[in-house]
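Step one of this worksheet: look at the structure below.
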Amino acid sequence: MTITVDDGRCAARSGAHSPLPAVPAAARVEVLRFLAAYAYSPSGVDPPSRRSRRLCAAIKAADPEALAAGARTIAGFVRGGTDWAAYLDRDAVLVPVPASVPRPMDETHVSAGIAAALVHCGIGADVRELLVRAVPVRKSATAPIGARPSVAEHFASLRIIQAPVEPAVAGLVLVDDVVSRGRTLLAAACRLRERFPQTPIVALALMRTLGYVTALPRLAAPCAGEIRWRRGDAVRTR
């Protein structure tokens, strides 16, 4: 099945399938602010690039020491004079981004582990699993470039699963392990916006992918950027 995406409207070109629902206009987050603590190079040959791949593997394996170290690094950025404190209110609710396949409710996943480690370090007030993956999507890391899930596919696969957030909550912080183009985070933000239209939403990832750079200046590289809609797709700045 070929999916054609244009300005948030998706059509499935197959007589055997219904069109993929578009992201409703009222749910669209046009600009999502995101923060990332580490840089990740999938192909760099310098020592920081090699360290980034080892760290990424440890994070994706939910290694407790890696998650705790990442949370401490983020806490250091928040308290170290960067602009991160403006986005990570200590009263905000941390919302883990679900994995690409549905999981049992009692099974902890990487994003939830990161969020719990952050709260332990004083970042955010609470962790709430507001989102669930209702149907599986392909993993972007292993899918061919042309077959990676779109924002609309991610949005359609996600559901809100818990009671409403109290109106007084300072904000919602989506938490994920790695941000590449930003499709998953943007779709998750849209799903939250649909249910909580007045609540500020930002995103936080431990690592951001820097494509096919041959070298990283450093591994710990605090970044504040944006994920925007562009012709129906997500585009990440920085």
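Dipole of the chain computed with +1 at Lys/Arg Cβ and -1 at Asp/Glu Cβ about the Cα centre; of His154, Pro42, Val97, farthest Cα towards the positive end is Pro42. With the cut-off at 1.5 for a/c, could you classify the chain from its C-alpha gyration tensor as rounded, prolate or oblate? Judged from the Cα gyration tensor, the chain comes out oblate (a/c at least 1.5, b/c at or above a/b). Here is what passes the span test in the chain: the DSSP H helices with alpha carbon length of 18 Å or more along the helix axis and a Kyte-Doolittle mean of 0.5 or above are 64-79. Once backbone amide H atoms are built at 1.01 Å from N, Val179 has Met207, Arg208, Thr209 as its partners under 5 Å, excluding neighbours fewer than 5 places away on the same chain. The phi torsions of the range 229-235, fed into the Karplus equation with coefficients 6.51, -1.76 and 1.60 and a -60° offset, translate into couplings of 6, 8, 6, x, 10, 9, 10 Hz, rounded to whole numbers, with Gly and Pro shown as x.
Let a ≥ b ≥ c be the square roots of the eigenvalues of the Cα gyration tensor of the range 118-238; is it rounded (a/c under 1.5), or, if not, prolate (a/b larger than b/c) or oblate? Oblate, because a/c is 1.5 or more while a/b does not exceed b/c.
Under 5 Å between amide hydrogens, built in the peptide plane, is the criterion, and for Phe34 it picks out Ala203, Gly225, Glu226, Ile227 among residues at least 5 positions away or on other chains.
Sort Tyr212, Tyr38 by Cβ crowding within 10 Å, fewest neighbours at the top.
Tyr212, Tyr38
Of the GluC sites (Glu not before Pro) found in the range 138-238, no site is in coil according to DSSP while having at most 14 other Cβ atoms within 10 Å of its Cβ.
Quick one: grab the alpha carbon gyration tensor of the range 36-103, order the square roots of its eigenvalues as a ≥ b ≥ c, and give me rounded if a/c is under 1.5, else prolate or oblate depending on whether a/b is larger than b/c.
Numbers: a/c = 2.16, a/b = 1.24, b/c = 1.74.
Oblate shape, in that a/c is at least 1.5 and b/c is the bigger or equal ratio.
The label point for Val132 and the one for Arg53, both projected 7 Å from the Cα toward the Cβ, are 3.8 nm apart. Calculated mean residue ellipticity at 222 nm for the chain: -8000 deg cm²/dmol, from DSSP H runs with n ≥ 4 weighted as -39500 (n - 2.57), summed, divided by the residue count and rounded to 500.
Could you give the dipole magnitude of the chain about its Cα centre, charging the beta-carbon of Lys and Arg +1 and that of Asp and Glu -1, in debye to the nearest 20? Before the final figure, lay out each step's value.
Working: 31 positive and 20 negative charges, 150 e Å.
The dipole of the chain has a size of about 720 debye.
Proximity of backbone amide H atoms, modeled 1.01 Å from N, is registered between Ala221 and Tyr38, Ala39 at under 5 Å, excluding neighbours fewer than 5 places apart on the same chain.
Bear in mind that the values in this text are calculations on the coordinates, not laboratory data. Computed from a predicted structure; not experimentally measured. Heads up, the Cβs are rebuilt from the backbone with ideal geometry, glycines too, and the neighbour counts pull from every protein chain shown.
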